[in-house]
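One structure below.
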Amino acid sequence: MKNSNKSVTIWLLSGCFLVFVMVVVGGITRLTNSGLSMTDWHLVTDTFPPLTETKWQETFEQYKQFPEYQKINIHNDFSLSDYKFIYFWEWFHRLIGRIIGMVFIVPFAYFLFTKKMDKTTRNKCYILLGMGALQGFLGWFMVRSGLIDNPDVSHFRLSLHLTFAFITFAYTLWVALDLIYPNQTSAILPLRNLARVSLFFLLVQIIYGGFVAGLNAGLIHNHWPMMSDGQFLHDSVLLEKNTWVKRLTEGKSGVQFVHRTIAYVVVGLILTLFIQSKKFNLSRTQKRGINALILIVFLQFGLGVFTLLYSVPLWLGLTHQVMAFFLLTAMTFTLHQLSK
């Protein structure tokens with residue numbers, strides 16, 4: 001790897017790490033119901049939390065004007081200290097977003113000025129710049145949905161925000177891998193195509209993970225392998241909504257059923273990829289990618305089962321989300337190794 005490429009690669013991998021941290025903090029923010037604690041969006045003044053008790057009280061009074069407090073927390077003896085706790089996680093989540101922006105923009109400008117990137121890499125980084133800006137907008141778009149009438153954010157918007165963060169991470173990693181492995185052998189088409197299908201269903205599973213989180217659908221049917229009452233497809237799936245589209249995208253039981261089912265599909269596809277890979281003469285890095293993929297997908301499946309059985313405790317819900325990140329990392333790496 002050229003020295004100029006090495007510095008750009010380190011920068012891109014640093015961005016991947018920060019996106020990972022942001023998603024983890026975002027998971028804590030969601031699981032602690034902290035996402036609606038900051039009721040306005042100020043690029044500069046929100047950089048620091050309130051610094052005096054008077055300012056804290058003013059901010060708390062502003063929060064009281066919105067649905068989450070008026071419809072939920074007003075009945076829970078919700079104090080200023082409780083508010084400070086949820087405010088911290090949302091503020092920290094936004095702070096990391098600002099840091100990611102600076103970490104991307106400042107080195108990017110330097111690399112442009114010093115001509116350390118070739119045209120192809122530069123164009124990919126322009127795409128990354130646009131993706132980062134869009135992700136910031138999607139965060140505001142999501143929070144906005146919970147500040148009007150509903151004390152919860154739209155599960156569609158939450159899933160969009162979460163999934164796009166995963167996609168941004170994967171694309172950043174892909175650009176870095178292009179620099180790390182510039183001279184790969186020709187693609188192994190059967191395995192590459194199977195890996196592409198696996199990635200597609202993994203992304204669908206991430207989308208439905210966002211739906212489950214947004215609807216708190218992990219708090220029902222806390223049984224496995226059946227849902228409840230020994231049923232694979234529980235009766236409540238049919239009763240919650242009046243159309244199949246709504247049942248499978250808006251109903252808690254329906255969304256959980258789809259999330260359960262796609263988990264089997266993802267495991268099956270990656271297991272098939274692992275078995276089929278034995279028929280080819282793979283490089284060491286290709287073998288490592290596939291081996292990591294099969295290990296992580298089974299770990300993730302097990303975590304999903306236990307997260308459901310224990311009704312989504314904070315640590316298990318967060319670990320399940322972190323493992324999804326590792327699974328996407330292994331999937332991206334493996335597909336990259338099979339594609340070039």
Heavy-atom accessible area per residue - the range 1-121, 1.4 Å, Å²: 57 Å²
When the convex hull of the C-alpha atoms of the range 171-270 is computed, what volume per residue in Å³ does it have? 123 Å³
Descending accessible area (1.4 Å probe), largest on the left, turns Tyr63, Tyr208, Tyr126, Tyr181 into Tyr126, Tyr181, Tyr208, Tyr63
How much accessible area per residue does the range 215-340 have, counting only protein heavy atoms and a probe of 1.4 Å, in square angstrom? 49 Å²
Any chance you could look up the accessible area of Trp140 with a 1.4 Å probe, heavy atoms only, rounded to 10 Å²? 110 Å²
Of every hundred units of 1.4 Å-probe accessible area on the chain, the number belonging to carbon and sulfur atoms, as a percent, is 67 percent
With a 1.4 Å probe and every protein chain left in place, tell me how much accessible area Asp149 has, in Å² to the nearest 10. 110 Å²
Which cross-chain or sequence-distant (5 or more) residues have an amide H under 5 Å from the amide H of Gly146, H modelled 1.01 Å from N in plane? Ser154
Provide the per-residue ³J(HN,Hα) series for the range 186-201, in order, calculated from phi with Karplus coefficients 6.51, -1.76, 1.60 and θ = phi - 60°, each as a whole number of Hz, with x at glycine and proline positions. 5, 5, 9, 4, x, 6, 4, 5, 5, 5, 5, 5, 4, 4, 4, 5
Using Cα positions and a limit of under 17 Å, work out the lysines in reach of Lys55, with same-chain residues fewer than 8 apart set aside. Lys64, Lys84
Note down the relative contact order for the chain as a percent, whole number, built from C-alpha pairs under 8 angstrom at least six residues apart. 21 percent
Going by the alpha-carbon gyration tensor, a ≥ b ≥ c the square roots of its eigenvalues, is the chain rounded (a/c under 1.5) or, if a/c is not under 1.5, prolate (a/b greater than b/c) versus oblate? oblate
Would you check the range 242-340 for Lys pairs whose C-alpha atoms are within less than 29 Å, ignoring same-chain pairs closer than 8 in sequence, and give me the count? 5
Would you mind listing how long the range 106-183 runs along its three principal axes, going by Cα atoms, in whole Å with the largest first? 52, 26, 14
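The values are calculated or read from the model by the stated rules, or taken from the named source; none is laboratory data. Predicted model, so just to flag it, every value in this text is computed and none were measured. These accessible areas exclude ligands, DNA and RNA; they are computed on the full protein's heavy atoms, side chains included. Shrake-Rupley method; radii C 1.70, N 1.55, O 1.52, S 1.80 Å.
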